[in-house]
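A.B. asks: Pasting a structure here, questions to come.
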Amino acid sequence: MANNSYSGVKNSMVEANHDADFGCTLKDLRSLMELRGTEAISKIGESYGDVQGLCSRLKTTPVDGLSGHPTDIEKRERVFGQNLIPPKKPKTFLQLVWEALQDVTLIILEVAAIVSLGLSFYRPPDAEREHCGRAAGGVEDESESEAGWIEGAAILLSVICVVLVTAFNDWSKEKQFRGLQNRIEQEQKFTVVRGGQVIQIPVAEIVVGDIAQIKYGDLLPADGVLIQGNDLKIDESSLTGESDHVKKTLEKDPMLLSGTHVMEGSGKMLVTAVGVNSQTGIIFTLLGSAEDDEEEEEEKKKEKEEKKKQRKNKKQEASVENRKKAKAQDGAAMEMQPLNSDEGVDSEEKKKTNLPKKEKSVLQGKLTKLAVQIGKAGLVMSAITVIILVVLFVVDTFWIQNLPWVKDCTPIYVQFFVKFFIIGVTVLVVAVPEGLPLAVTISLAYSVKKMMKDNNLVRHLDACETMGNATAICSDKTGTLTMNRMTVVQAFLAEKHYRKVPDPENIPSSTLDILILGIAVNCAYTTKIMSPEKEGGLPRQVGNKTECALLGFSTDLKRDYQAIRNEIPEEKLYKVYTFNSVRKSMSTVLKMADGSYRMFSKGASEILLKKCYKIVTANGEPKLFRPRDRDDMVKKVIEPMASEGLRTICLGYRDFPASEGEPDWDNENDILSGLTCLCVVGIEDPVRPEVPDAIRKCQRAGITVRMVTGDNINTARAIATKCGILLPGDDFLCMEGKEFNRRIRNEKGEIEQERIDKIWPKLRVLARSSPTDKHTLVKGIIDSTVIEQRQVVAVTGDGTNDGPALKKADVGFAMGIAGTDVAKEASDIILTDDNFSSIVKAVMWGRNVYDSISKFLQFQLTVNVVAVIVAFTGACITQDSPLKAVQMLWVNLIMDTFASLALATEPPTEALLLRKPYGRNKPLISRTMMKNILGQGVFQLILIFTLLFAGEKLFDIDSGRNAPLHAPPSEHYTIVFNTFVLMQLFNEINARKIHGERNVFDGIFNNLIFCSIVFGTFIIQFVIVQFGGKPFSCVALTIDQWLWCTFLGFGSLLWGQVISSIPTSRLKFLKTAGHGTQKEEIPDEELDELDDMEEIDHAERELRRGQILWFRGLNRIQTQMDVVSAFQSGTSFQGALRRQASNSSQQQHDIRVVNAFRSSISLYEGLEKPESRTSIHNFMTHPEFRIEDSEPHIPLIDDTDAEDDAPTKRNSASPRNATPTPPSPSPSLSPAPAAPVSPSPNQNNNAVESSNHLLPEAPKSGTPSAPASPLHSLETSL
């Protein structure tokens, strides 16, 4: 190895000056961690003697760890770095302002305002003023005409206001997510040994030289070398892409890398690299996560291309050997090695962000669609308004007055046209609901913050709102429904069934000794019972709770397990078979003094009893244990225990005499047989007191709760009955995993959806289930079409093996206390108190988000409809909009920004749990809401038009209609404007209720934000009218006029009562709006395009902003409609729809309208993931879960598509991928056939479930244009 000698030389040079500190340098350790397997072992041998040598060089000991002295820790952080990866700098406020300015409509307004400003300074000679037609003349007062610039300036000012408000919202939102991110990172702790004590410290505080204890389910926080391990298997797919689990042993491969997952076993490691020097950190530095400048972006692109090439070559070599050679030759590529791994496809994914789970959330889909439709209508209306104004003016001036076009008058005419244009744009500004994405964002951000207090830590924003639609919850039993505080309450020991813990005097001492020894060594050494935190409390249980129960049992038998552990430290255990979901048992082998071996086993009683052939009798001697005795025992001991809801555990042992020599430890089946049964214990895990009530609430809210557990069926049934999942007299199903598998598979052993559909609606308890069964059940329920409302499934899980089900579910809940890192990574929401009742709170918040959005929509659409119609008709009839540009912008600000704040922060009430879930296809705007919108709209329009055309007579004032160009503001139009705003304010109170409730004031004082916003808006409105003067085109009003305006505004509250008296069922003509996109509606090409979207970068963004956006939005819908029919081939696109990557971290989205039209990309791009990819932990995508007993594929795709083959599939250019098919404009041109979706279990859970998602990869690497070029962007949009 080239770099071997190099680092040796390095070593001798540095030795001298570093001796005072540590015996090896950062460089040495970094180069050591680059090696794998035998090379690494020989390197450690050469340079350090052995791992002990390395420990002493780093001034640490394997038993006591570091001293934990602050000065020592600081020194280590100084020399070897901290375990942090510096986060990306947040966007500054100015950057956010700049982004908010990119909004198309605002840019148009700014330009128009500047033109209007410029023109207002032009003064034509007075003599000719009369020639320019009636509209231009009639300005009596000089000072008035000089004030022409005010309108332009006012528009610019209000644009600045809108921009600042938007930027501020963005900024506070970003700040909130950073807070959330830090919170998630602080939650992550790791177990290390310091000063001989085992303590838990935050991941960021780990330093080089720490001795870390690793166990099943951990996500490794730093690089290290194994010191001692039991049956340790690691999933390194996040770094290497190899989906097979790697066995780690001191002899063969002791190198442990950060960001990988422990899938089995336990052990201790010496930390050798942290933060930016660890393997993950190096990759991170390469990805340029630390800096963030444009050139880097470009380089990254080149790097990406390089990597693609390298990856292709690598694929051909694909053997580890070749990789090592390549490494040796190419020193520069060395650090990059982990990236260009054989299956480097993952790392590509990781760059895009932690792939957002699931398809675009239900709500976003509906909103985007609605926003596009409203925007189109607004665009048409504003265009017509401008055209009508221009035509009327031209006809009036040049035809009716018959004037020639005089050169001197041109600026005046242009000024008119600019004014018309501004009116048109303001109509558009009011019509386009940019408040929609803002409302969603605010509502979600607010909910997420509040859900923290309810013990829900939301990792993916949209999960919050999906939870409101949940129709089914598949819950674990242990720890979620029960307290996860286990105690042994019954035992069958020495041929006697004790109903409570027996007295140690009654048990033969020989039996007791073996039993206590077995419990002490055959429980993980990380599990222990600590003294209670406060006097008289219960002892604290640390580690695996079932093992805690056994240790507690030994304490109850008046024996000290810790003394035995001190005598036999973990290093002396000869072999450990750790617990996993396949074995369902754990065994530990000890080598005795006489050369014989003794193995202790514990596990699920019905499984372990089958392996026993002897049982210990009352006098302590073993006797034969026949199958007949076993059946007897099951009936008399195990079933009675289980029916009381106890978990039964069998403890046994086996001796291997020295005379037979050393057994073959790898032959597990032989080893784990011929056991002698010591005892069977019944462990109680009491149901949490609040659970039955929470489950009742769920059932009342239309959510079915199912229990999926690994426990015995009788135990499961007993607990389900205590919780209220099963009620006496119900005909619901309880079944075991085996039975479930038998029923859902056909003769060939393939899973059939029809068979699942026969079972799941009645199934309430699934016992003795494997992780695969859980995944199959969840997938079956989600894909089912038996019930017309598609099911939305939430799943809870805590173990590493729950990963696939958590990812598959619409919302995955991981346990914050008992959950492993792997489960947390795969989840959407972490329950910080592991409590089922917190899930009910999440449902409440989710439904509240949905309702908040609907409230806001109801309010916003009323204002939109009225403002647009008023501006439009007013312009057509009076040649001038009754609501001036600046006034419209103010209205837009109230209804967008303020109203979204006010209505999106309504706190949830228990009443939300009294209705059934909405489901995926329920329209956003129900018929009741439609009735309210239309009712209020008609009322407001009638009032406004009455005031507009008869106001001067009613109030006895001058008419404001047909005023010349720079005429002073009129009282008449001020009254119209004021009444309009006040009606909106009172209607905002109406909008608080969307289900036709009478009392709109119900609970209004619980929401301070709402009250203060309504009150604040009123005060600002008062100031604008009284002191706004020329810029706002207002005149101060008298008290009578104010009272009249307020009275008319208040009318909308009274009118609201009238509307709610009309039963919705009578109004058959009302339509609903804002349906979600049905799955079949999105054609294949569009999915490809969505995928390509991720590849478009900066240059594209600038181009994308303008027209492309509008047209892309409009074309997309048309294409969609055209292609739908061609695509209704029954293939489900759900697989492909899942998890569209959105380039969240590169580009904070702007909340403005533009985004609403980017119809394919999520409304809260930057928000998608609270975890910006800064923490080591989040960088590594979820581990690859392998579902062991994978069901056979249905041969749609050739059967070779197994794990190791998946990546090659991606790059093999099948004819379908070779050319991106353009979306077919009409169904008659038959589009490319949809790629068959393979219902095979997705074994490699990072890859998406359908082959559809894999397609865009080929066209991308094939395009000649660089991904950032405008050409490319056009390609994607065409």
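A.B. asks: What net charge is computed for the residues neighbouring PHE579, neighbours being all others with C-beta under 11 Å from the C-beta of PHE579, Lys and Arg scored +1, Asp and Glu -1?
C.D. replies: After counting each charged neighbour, the total is +1.
A.B. asks: Something else: Based on the mean of other Cβ atoms within 10 Å per residue, sort peptides 202-213, 252-263 so the most packed one is first.
C.D. replies: Sorting 202-213, 252-263 by mean packing, highest first, produces 252-263, 202-213.
A.B. asks: Can you compute the charge dipole magnitude of segment 657-809 about its Cα centre, using +1 on each Lys and Arg Cβ and -1 on each Asp and Glu Cβ, nothing else charged? Give it in debye, rounded to the nearest 20.
C.D. replies: In debye, rounded to 20, segment 657-809 gives about 1140.
A.B. asks: State which entries of LYS697/LYS931; LYS366/LYS758; LYS591/LYS614; LYS610/LYS758 exceed 24 angstrom in Cα-Cα distance in the structure shown.
C.D. replies: Exceeds cut-off: LYS697/LYS931; LYS366/LYS758; LYS610/LYS758.
A.B. asks: Taking the Cα centre of each part, how many Å lie between segment 196-235 and segment 482-529?
C.D. replies: Value for the Cα centre distance between the two parts: 30 Å.
A.B. asks: If you project the alpha carbons of segment 886-1042 onto their three principal axes, what span does each projection cover, largest first, in Å?
C.D. replies: 58, 29, 27
A.B. asks: Per residue of segment 869-884, what does 6.51 cos²θ - 1.76 cosθ + 1.60 with θ = phi - 60° give for ³J(HN,Hα)? Whole Hz please, x for Gly and Pro, Karplus curve as stated.
C.D. replies: With coefficients 6.51, -1.76 and 1.60, one gets 5, 4, 4, 5, 5, x, 4, 5, 8, 9, 6, 7, 6, x, 9, 6 Hz.
A.B. asks: Compute the separation of the alpha-carbon centres of segment 727-772 and segment 416-463 and state it in Å as a whole number.
C.D. replies: 44
A.B. asks: A follow-up question, please. Based on the alpha carbons, how large is the Rg to Rh ratio for segment 59-117 when Rh follows Kirkwood?
C.D. replies: Rounded to two decimals, Rg/Rh equals 1.58.
A.B. asks: Sticking with this structure for a sec: How many angstrom separate the Cα center of segment 851-905 from the Cα center of segment 43-91?
C.D. replies: Comparing the Cα centres of segment 851-905 and segment 43-91, I get a distance of 62 Å.
A.B. asks: Dimensions of segment 399-460 along principal axes (Cα, Å, largest first)?
C.D. replies: 76, 20, 15
A.B. asks: Calculate, for segment 620-707, the solvent-accessible area per residue in square angstrom, rolling a 1.4 angstrom probe over the heavy atoms of the protein chains.
C.D. replies: 46
A.B. asks: Using bins 5 angstrom wide from zero, how does P(r) for segment 936-1002 break down, in % of all Cα pairs?
C.D. replies: Per 5 Å bin, starting at 0, the Cα pair percentages come out as 3, 15, 21, 18, 14, 10, 8, 6, 3, 1.
A.B. asks: Among 369-381, 415-427, 673-685, how do they line up by average Cβ neighbours within 10 Å per residue, starting with the highest?
C.D. replies: 415-427, 673-685, 369-381
A.B. asks: Please compute the alpha carbon radius of gyration of segment 156-273, then divide it by the globular-protein estimate 2.2 N^0.38 Å. Two decimals is fine. Could the numbers behind the result be given before it?
C.D. replies: On the way: Rg = 20.8 Å, N = 118, 2.2 N^0.38 = 13.5 Å.
That works out to 1.54 for segment 156-273.
A.B. asks: Still on this structure, please answer the following. In Å², what does the accessible area per residue of segment 756-805 work out to with a 1.4 Å probe?
C.D. replies: 26
A.B. asks: While we're on this one: Between beta-carbons, use under 13 Å as the cut-off and find the net charge around ASP655, counting Lys and Arg +1, Asp and Glu -1.
C.D. replies: Charge balance in the 13 Å sphere: +2.
A.B. asks: Okay, moving on. Can you give the Rg to Rh ratio of segment 401-510, both from alpha-carbon atoms, with Rh computed by the Kirkwood formula?
C.D. replies: Result: Rg/Rh = 1.63.
A.B. asks: Sticking with this one: Taking only protein heavy atoms into account and a 1.4 Å probe, give the accessible area per residue of segment 390-495 in Å².
C.D. replies: Details: 2990 Å² over 106 residues.
On a per-residue basis, 28 Å².
A.B. asks: Quick one: with all protein chains in place, what share of the accessible area of segment 657-804 is carbon or sulfur, to the nearest percent (1.4 Å probe)? Intermediate results must be reported in sequence, preceding the final value.
C.D. replies: Numbers: 2830 of 5900 Å².
Percent of accessible area from carbon and sulfur atoms in segment 657-804: 48.
A.B. asks: Could I ask something else about it? Taking all protein chains as present, what is the carbon and sulfur share of the accessible area of segment 140-272, in % to the nearest whole number, probe 1.4 Å?
C.D. replies: Reported share for carbon and sulfur atoms: 55 percent.
A.B. asks: Strictly over 24 Å apart at the Cα level, which of LYS450/LYS545; LYS636/LYS762; LYS528/LYS807; LYS173/LYS855 would you flag in this model?
C.D. replies: Flagged as over cut-off: LYS450/LYS545; LYS636/LYS762; LYS528/LYS807.
A.B. asks: Could you pull out every residue, at least 5 positions away or on a different chain, whose amide H is within less than 5 Å of the one on MET592? Hs are placed 1.01 Å off N in the peptide plane, and Pro or chain starts have none.
C.D. replies: Answer set, sorted by chain and number: TYR597, ARG598.
A.B. asks: List every residue whose amide H lies under 5 Å from the amide H of GLY65, counting only residues 5 or more places away in sequence or on a different chain, with H placed 1.01 Å from N in the peptide plane.
C.D. replies: Those qualifying (amide H under 5 Å, at least 5 residues apart or on another chain) are GLY196.
A.B. asks: Express the carbon and sulfur contribution to the solvent-accessible surface of segment 527-616 as a percent, rounded to the nearest whole number, probe 1.4 angstrom.
C.D. replies: 54
The values are calculated or read from the model by the stated rules, or taken from the named source; none is laboratory data. Worth saying up front: this structure is predicted, and the values here are computed from it rather than measured. Ideal geometry is used to build each Cβ from the backbone, glycine not excepted, and the neighbour counts take in all protein chains shown. To get the accessible areas, we keep the full protein, side chains included, count just its heavy atoms, and leave off ligands, DNA and RNA. Shrake-Rupley method; radii C 1.70, N 1.55, O 1.52, S 1.80 Å.
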